[in-house]
Amino acid sequence: MAGHTRSSSRRIWQTLSAVRTGIILLILVVICSAAGTFILQRPTTDPDQMQRAYSPQTLVWLDRIGLTDVFHAWWFVLLMGLLCLTIVAASIQRFPGVWRFFARPYRRPDSHFRAVLPVQKQISVLDAEQALAAAHRVFQKQGLRPQHIVDDNQVSLFAERNRFSLLAVYIVHTSLLLIFLGGIVDAMWGYRGFLALTNGQQASQVQLQNGTTRALPFTIRCDGAGQENYADGTPKRWWSNLVVLNGGREAQRKQIVVNDPLVYGGIRFYQASYGSNGELDKVMLAATPANGTGAAQEISLGLDERAQLDAQTSVRLVRFIPDFVVRDNQIYTRSNQPDNPAMQLEVTTKKAQAPALVWIFPQFPDVAHDNKSPYNFKFRDLRMGYFTGLQVSHEPGQWLVWAGCIVMALGLATAFYLVHMRFWAMVVRDERGRPALWIGGSANKNRAVFEQRFRRLIEEVQTELKQESQARASRPEASLASV
């Protein structure tokens, strides 16, 4: 029984540490992430847009499976967790061999190694000690740091560059772990919601996609918002002036636009939408005495707001319909857009027993007023109330994701641009038994480029040996001349 348990555990471990398993899981994560990009996601998508994009049955199934909030779905978290386990298992499985190669590099080439090394060269020499010294000088000129290796009373040279690149794959593995762990943290402890504010309104909670609300650790207030349009009337830019209130005091103030959020306490507020809320902000009217004895007055009224016209008369806006339609002698609203507005005023005079009710239809200015009103009113303009839509997100794992991206860039740069190169040099005997300087080299990638560098190194060694021979040949002549 114990053997069967060990065998099962070993199979599970081998499956987790297999490269094929990691590739399959990585492909699944990419596919699911792509689905979260192409399928409309809550809460960033307006509910009405979701209803227009998908049929009710399709939307029910998408919500049930979690495809409308992929990055917070339990199965996506499980998938990323399995991928992290696979990366860890694969790294542990292969690390001992890599570390042995990294910590104990092969410094002295034996005859078997020299026989199979693809990049090598033998140069005939006269003096073994001077040949090795010449190779040492050339290695130094090439930016290498040669080491003298003594074994069985035989001296050889060993030099290498960019040994650290052997660990590049583990840097990439670490970056993937950071990215996926950041995604898991966001999925489990992060949230996204939507918040709609009007001018002067403040809120301390946000509505999440599942219909619940979540309290914010501070209060956010809107001090103004607007829309800038192109010449053809299409929206060019939305903006909102937001203020963060913490403990009753202003902690931060910023004007946000699309892709430039306000960030406070790890919570981001993005500009997502802007539009009319169907409520009146102000209506501008001209009030003229009905008897024609006075000048017109310009007044501005909000809903249920009163303005004094003279000592005896005041007016109040009691009703506003942005887009009216008449049905069965009754006025109804058709939409929240001010396409065909109607407004009702209540004119109160101290001498009159009851106030006069006056309807104003800007599209029909010739409609007669109530003759009980001491003033006639003419529509000037109106300003509708608006809302600014804010996407709210708390993503505590983003620092891990960004750190993973930076580490991945370092790992990929190390893997692709740093080549582990090794060079050996030693004096051997050629086929005729004469001394020869053997130089060999090896690189883990970019072999064609490495072979060009190796040929340049051989040429410099040959030049160094030639200069050394010429110097030795000239020394006896110089000594005889001095005699």
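The values are calculated or read from the model by the stated rules, or taken from the named source; none is laboratory data. Keep in mind the model is a prediction, meaning the values are calculated, not measured. Neighbour counts run over all protein chains shown; Cβ positions are idealised from the backbone, glycine included.
State all residues of region 113-133 that are under 54 Å from the mean Cα position of the chain (by Cα) and farther than 30 Å from Tyr170 by Cβ; if no residue qualifies, say none.
Kept after step one, since they are under 54 Å from the mean Cα position of the chain (by Cα), are these residues of region 113-133: 113-121.
Within region 113-133, Arg114, Ala115, Gln120, Lys121 qualify.
So that you can scan it fast, the table gives a plain yes or no per residue for (1) exposed (fewer than 15 other Cβ atoms within 10 Å of the Cβ); (2) part of a loop (DSSP other than H, G, I, E, B); (3) within 24 Å of the chain's Cα centre (by Cα); (4) not hydrophobic (A, V, I, L, M, F, W, C):
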| site | (1), (2), (3), (4) |
| --- | --- |
| Gly233 | yes, yes, no, yes |
| Trp238 | no, no, yes, no |
| Leu245 | no, no, no, no |
| Lys282 | no, no, no, yes |
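Need pairs with beta-carbon distance below 7 Å; first residue closer than 14 Å to Val257 by Cβ and within region 214-230, second at pLDDT below 95 and aromatic (Phe, Trp, Tyr); sequence gap 6+ or separate chains. Here the result reads Ala225/Trp239; Ala225/Tyr274; Ala225/Tyr386; Gly226/Trp239; Gln227/Trp238; Gln227/Tyr274, each pair linking region 214-230 to a residue that is at pLDDT below 95 and aromatic (Phe, Trp, Tyr). Against the numbered list (1) among the aliphatic types (A, V, I, L, M); (2) within 19 Å of the chain's Cα centre (by Cα); (3) within 30 Å of Phe194 (Cα to Cα), Met384 comes up short only at (2). Entry remark, region 449-460: residues being farther than 17 Å from Leu117 by Cβ and either touching a Lys or Arg at 6+ places or on another chain (Cβ under 9 Å) or small (Gly, Ala, Ser) (or both) number 1 in total. Of all the numbered requirements in (1) touching a Phe, Trp or Tyr at 6+ places or on another chain (Cβ under 9 Å); (2) at pLDDT below 85, Gly247 misses one, and that requirement is (2).
Looking at region 342-359, is at least one residue within 53 Å of the chain's Cα centre (by Cα) and farther than 30 Å from Glu228 by Cα? Give the steps one after another, and end with the answer.
Taking region 342-359 as the starting set, the residues that turn out to be within 53 Å of the chain's Cα centre (by Cα) are 342-344.
From the residues that got through so far, the ones that are farther than 30 Å from Glu228 by Cα too are 344.
Taking every residue of region 342-359 in turn, at least one turns out to be within 53 Å of the chain's Cα centre (by Cα) and farther than 30 Å from Glu228 by Cα.
The set of residues in region 43-67 being among the small types (Gly, Ala, Ser), surrounded by 11 or more Cβ atoms within 10 Å (Cβ to Cβ) and over 24 Å from the mean Cα position of the chain (by Cα) consists of Ala53 alone. Checking Ala311 against (1) over 15 Å from Met384 (Cα atoms); (2) modelled with pLDDT of 90 or more, which single condition isn't satisfied? Just one mismatch for Ala311, condition (2).
Residue-by-condition table, conditions (1) touching an Asp or Glu at 6+ places or on another chain (Cβ under 9 Å); (2) in a strand (DSSP E or B); (3) touching a residue at least 24 places away in the same chain (Cβ under 8 Å):
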| residue | (1), (2), (3) |
| --- | --- |
| Pro338 | yes, no, yes |
| Ala352 | no, no, no |
| Pro365 | no, no, no |
| Met384 | yes, yes, yes |
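Give the residues of region 68-82 that are within 18 Å of the chain's Cα centre (by Cα) and free of Cβ contacts under 8 Å to residues at least 40 places away in the same chain, sorted by residue number. Val70, the sole residue that qualifies.
Residue-wise test of (1) β-branched (Val, Ile, Thr); (2) in a helix (DSSP H, G or I); (3) in contact (Cβ under 8 Å) with a residue 40 or more places away in the chain; (4) in the same structural domain as Thr212 (by TED's automatic domain parsing).
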position: Thr21; (1), (2), (3), (4): yes, yes, yes, no
position: Ile24; (1), (2), (3), (4): yes, yes, no, no
position: Ile27; (1), (2), (3), (4): yes, yes, no, no
position: Ile31; (1), (2), (3), (4): yes, yes, no, no
position: Thr45; (1), (2), (3), (4): yes, no, no, no
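Those strands (runs of 3 or more DSSP E) of region 94-210 in which 1 or more residues are touching a residue at least 40 places away in the same chain (Cβ under 8 Å), more than 24 Å from Leu465 (Cα to Cα) and of a type in the set (A, V, I, L, M, F, W, C) occupy 191-197, 202-208. When we screen Leu25, Leu16, Leu83, Leu79 for residues that are modelled with pLDDT of 90 or more and in contact with a Gly (Cβ under 9 Å, 6 or more places away or on another chain), the only hit is Leu83.
Filter region 417-446 down to residues that are without any contact (Cβ under 8 Å) to a residue 12 or more places away in the chain and either part of a helix (DSSP H, G or I) or surrounded by 18 or more Cβ atoms within 10 Å (Cβ to Cβ) (or both), then give me how many there are.
Let us first name the residues in region 417-446 that are without any contact (Cβ under 8 Å) to a residue 12 or more places away in the chain, namely 417, 429, 431-433.
Filter once more, so that each one left must be either part of a helix (DSSP H, G or I) or surrounded by 18 or more Cβ atoms within 10 Å (Cβ to Cβ) (or both): 417.
Matching residues across region 417-446 total 1.
When Leu78, Leu83 are checked against the criterion of being assigned to a helix (DSSP H, G or I) and surrounded by 15 or more Cβ atoms within 10 Å (Cβ to Cβ), a single residue qualifies: Leu83.
Do you know which of the residues in region 189-218 that are among the β-branched types (Val, Ile, Thr) and over 21 Å from Ser240 (Cα atoms) is modelled with the highest pLDDT? Ranking the qualifying residues of region 189-218, first place goes to Thr213.
Of all residues in region 467-479, at least one satisfies being surrounded by 18 or more Cβ atoms within 10 Å (Cβ to Cβ) and in contact (Cβ under 8 Å) with a residue 24 or more places away in the chain.
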